[in-house]
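Where a number appears in this text, it was derived from the coordinates with a stated rule and is not lab data. As the structure is a computational prediction, the values presented were derived from the model and not from experiment. Here the Cβ positions follow ideal geometry from the backbone for every residue, glycine too, while neighbour counts run over all protein chains shown.
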Amino acid sequence: MTRMVECVVLKKEAPGLEYAPYPGDLGARIYYEASAEAWQMWLKQQTMLINENRLVPIEPRARKFLEGEMEKFFFGGGSEIPEGYVPPEK
C-alpha cells in the first residue's frame, strides 16, 4: 500500500516517498510533508540550477546553495529561476 501525504508543494493528498531523499532534518521533513511527484519536480529544478549556474555539486558552496534552494522549493514559496533562463523547447 502506498503511503499518502498532504503535499506542501501540490497542496493536495498524493503518494509519498518510499524513504527520506536527503539526510538530516530537511530530508525527514521532505519525507513526511512532500509527495513523490513533488520530489521529481525538485530534481528537475535542481538539474536546471546546476546547469544554469554551472555548479559542481561536490563543492561545499554549491551543496549549501542547493540545500537552501531545496528548502525554499518545498517550504519557502519556491526556488528561484536564474536570470536569463530560457526553458528548452519541447
Relative exposure of ILE58, ILE50, judged by other C-beta atoms within 10 Å (fewest first): ILE58, ILE50
Tilt relative to the chain, helix 36-52 - C-alpha long axis, 0 to 90 degrees, to 10: 10 degrees
Amide H proximity to CYS7 below 5 Å, modelled H, separation 5+ or other chain, gives LYS12, GLU13, ALA14
Excluding same-chain residues fewer than 8 positions from LYS64, which lysines have a Cα within less than 26 Å of its Cα? LYS44, LYS72
